[in-house]
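Worksheet: the structure to be examined is printed underneath.
Just so it is clear, none of the values below were taken in a lab; they were calculated from the coordinates. Here the structure is a predicted model, which means the values were calculated and not measured. Note that we place each Cβ from the backbone using ideal geometry, even for glycine, and neighbour counts take in every protein chain shown.
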Amino acid sequence: YKRQKLYTVAAGGQARTYEFPAIIEASTSSDLTFDVPGKIVRLTVDQGDFVRAGTVIAQLDQTIARNQLVQAREQYEAAQDAFRRADALVGEGAIPRAVHVQRETQRDTARAELDNAREQLEKTVLRAPFSGRVARRLTEPFEYVSPQQPVVTLPVSYTHLTLPTNRE
């Protein structure tokens with residue numbers, strides 16, 4: 001356990017200091033999890049480490065997500081080019097309006113798939129949603145995790161103090 005601050009309480013002009021062994025526990029905590037499965041390739045924190053909001057806690061292998069992003073980007077660019085050509089041709093009356101609408105729909109679908117691929121890549125990085133001290137690290141580097149499997153626990157507030165008693 002980490003050493004905690006000692007407070008001095010003064011009463012009637014005299015100060016007395018009492019030291020008690022104690023355990024301070026979080027009354028509310030948050031388990032941080034990934035939304036996607038994968039192998040942890042980077043785990044940047046340990047129990048007791050202080051993290052600021054936005055700090056990278058862990059990262060999954062991004063190989064598949066990066067490949068999907070590249071593929072989605074290429075599909076979007078191809079659909080965008082096809083739409084631009086159809087846009088020019090429909091203005092000249094060289095293609096039916098239905099073909100133009102079809103190309104537009106394909107472009108919009110490819111754009112949605114590109115946005116989804118970006119989001120999936122972002123989900124491979126776990127960041128601290130708020131500042132705090134890591135209460136528990138529940139996984140190890142190179143461990144495979146499932147969606148919603150806790151990786152670390154961050155306390156939200158500390159209000160529970162346990163003082164061991166020595167009753168004889």
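Structure values in brief
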read-out: Net charge of neighbours whose Cβ lies under 11 Å from the Cβ of residue 114, counting Lys and Arg as +1 and Asp and Glu as -1; value: -2
read-out: Residue 29 long-range amide H proximity, modeled H, under 5 Å; value: 156
read-out: Proximal charge balance of residue 130 [Cβ under 14 Å; K/R count +1, D/E count -1]; value: +2
read-out: Charge context of residue 90, other residues only, Cβ under 12 angstrom, K/R +1, D/E -1; value: +1
read-out: Kirkwood estimate for the range 80-125, i.e. one over the average of 1/r between Cα atoms, Å; value: 11.7
read-out: Label-point separation in nm, residue 149 to residue 94, each point 7 Å along Cα→Cβ; value: 5.5
read-out: Interchain or long-range residues, amide H under 5 Å from residue 149's placed H; value: 34
read-out: Debye intensity ratio I(q)/I(0), log10, the range 36-168, q values 0.09, 0.14, 0.21 Å⁻¹ (C-alpha model); value: -0.48, -0.76, -1.13
